[in-house]
1. Can you pull out every residue in the stretch 139-158 that is modelled with pLDDT of 95 or more and out of contact with any strand residue (DSSP E or B) (no Cβ under 6 Å at 6 or more places or on another chain)?
2. Which number in (1) without any contact (Cβ under 8 Å) to a residue 40 or more places away in the chain; (2) surrounded by fewer than 15 Cβ atoms within 10 Å (Cβ to Cβ); (3) not β-branched (Val, Ile, Thr) marks the one condition that Met118 misses?
3. Any idea which of (1) closer than 22 Å to Gln175 by Cβ; (2) in a strand (DSSP E or B) is the one Val31 doesn't satisfy?
4. Of everything in the stretch 37-56, what is of a type outside the set (Val, Ile, Thr), crowded, with 16+ Cβ neighbours inside 10 Å and part of a helix (DSSP H, G or I)? Give them in sequence order.
5. Of everything in the stretch 144-159, what is open to solvent by 70 Å² or more (accessible area, probe 1.4 Å) and touching a residue at least 12 places away in the same chain (Cβ under 8 Å)? Give them in sequence order.
6. Inspect the stretch 172-180 for any residue being of a type in the set (Phe, Trp, Tyr), touching a strand residue (DSSP E or B) at 6+ places or on another chain (Cβ under 9 Å) and assigned to a helix (DSSP H, G or I) and give the result as yes or no.
7. The conditions are (1) assigned to a loop (DSSP other than H, G, I, E, B); (2) surrounded by fewer than 20 Cβ atoms within 10 Å (Cβ to Cβ), and Asp163 fails exactly one of them. Which is it?
8. For Lys17, all conditions in the list (1) part of a loop (DSSP other than H, G, I, E, B); (2) touching a His at 6+ places or on another chain (Cβ under 7 Å); (3) not hydroxyl-bearing (Ser, Thr, Tyr) hold save one; what is the number of the exception?
Amino acid sequence: MKQIVIFASGSGSNAEKIVLHFNKKSLANVVGIFTNNPNAKVLDRAKNLNVPTEIFNRQELNEGKVLEKLNQIQPDLIVLAGFLWKFPESIIKEYPNKVINIHPALLPSYGGKGMYGMNVHQAVLDNKEKETGITIHYVNEYYDEGGIIFQQSVNIEDCNSADEIAEKIHVLEHQYFPEVIERLLDGSIIRKI
């Protein structure tokens, strides 16, 4: 059974969908949810799903404590699902081609530092885009610049607010993120940065 660790900073709806997806499979299991936010709703979701959690601060992330915890688990895949801090190079180097992220836009557009969540959706709305989407990509040392694994677009011409765009993006995330993770783990998507 392959092991997945999820990093999240917020509500954890994607983390929950991933856990529930793999609870029905024999391929892999979510063995931990790590967060930098002691008040994150993802902690409640993890508790309800009986998934162990780890809360850490920036120093523990950047000075090796989080890497030590990961090395005890030896995950097959590290999934960033709404994790807002820059991921340390030390973890990326220790787990090459095993750290992925989901971004709520079609990269390379609307990526980079500060481009997350509602910031992205508002920028898309302000630019009067006709479509947006999701990008699942490998994580490297730069924000949103790792190799693209999967993209899916959605028409947003009927959206009048960033909240309406966010709703459409959540539908895509919840549908495709668990499936792409499964395909990475079963080898039907070849891993490369």
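The values are calculated or read from the model by the stated rules, or taken from the named source; none is laboratory data. Since this is a predicted model, take the numbers as computed values, not measurements. For neighbour counting, all protein chains shown are included, and Cβ atoms are generated from backbone atoms with ideal geometry for every residue, glycine included. Side chains are part of the model used for accessible areas, which takes the heavy atoms of the whole protein and leaves out ligands, DNA and RNA. Shrake-Rupley method; radii C 1.70, N 1.55, O 1.52, S 1.80 Å.
1. Within the stretch 139-158, Glu157, Asp158 meet the criteria.
2. Tallying (1) without any contact (Cβ under 8 Å) to a residue 40 or more places away in the chain; (2) surrounded by fewer than 15 Cβ atoms within 10 Å (Cβ to Cβ); (3) not β-branched (Val, Ile, Thr), Met118 fails exactly one: (1).
3. (1)
4. If the condition is that a residue be of a type outside the set (Val, Ile, Thr), crowded, with 16+ Cβ neighbours inside 10 Å and part of a helix (DSSP H, G or I), then Lys41, Leu43, Arg45, Ala46 are the ones that fit.
5. Scanning the stretch 144-159 gives Glu145, Ile148, Gln151, Asn155, Glu157.
6. Yes; the residues of the stretch 172-180 include at least one that is of a type in the set (Phe, Trp, Tyr), touching a strand residue (DSSP E or B) at 6+ places or on another chain (Cβ under 9 Å) and assigned to a helix (DSSP H, G or I).
7. Asp163 satisfies all of (1) assigned to a loop (DSSP other than H, G, I, E, B); (2) surrounded by fewer than 20 Cβ atoms within 10 Å (Cβ to Cβ) except (1).
8. Unmet for Lys17, out of (1) part of a loop (DSSP other than H, G, I, E, B); (2) touching a His at 6+ places or on another chain (Cβ under 7 Å); (3) not hydroxyl-bearing (Ser, Thr, Tyr): (1).
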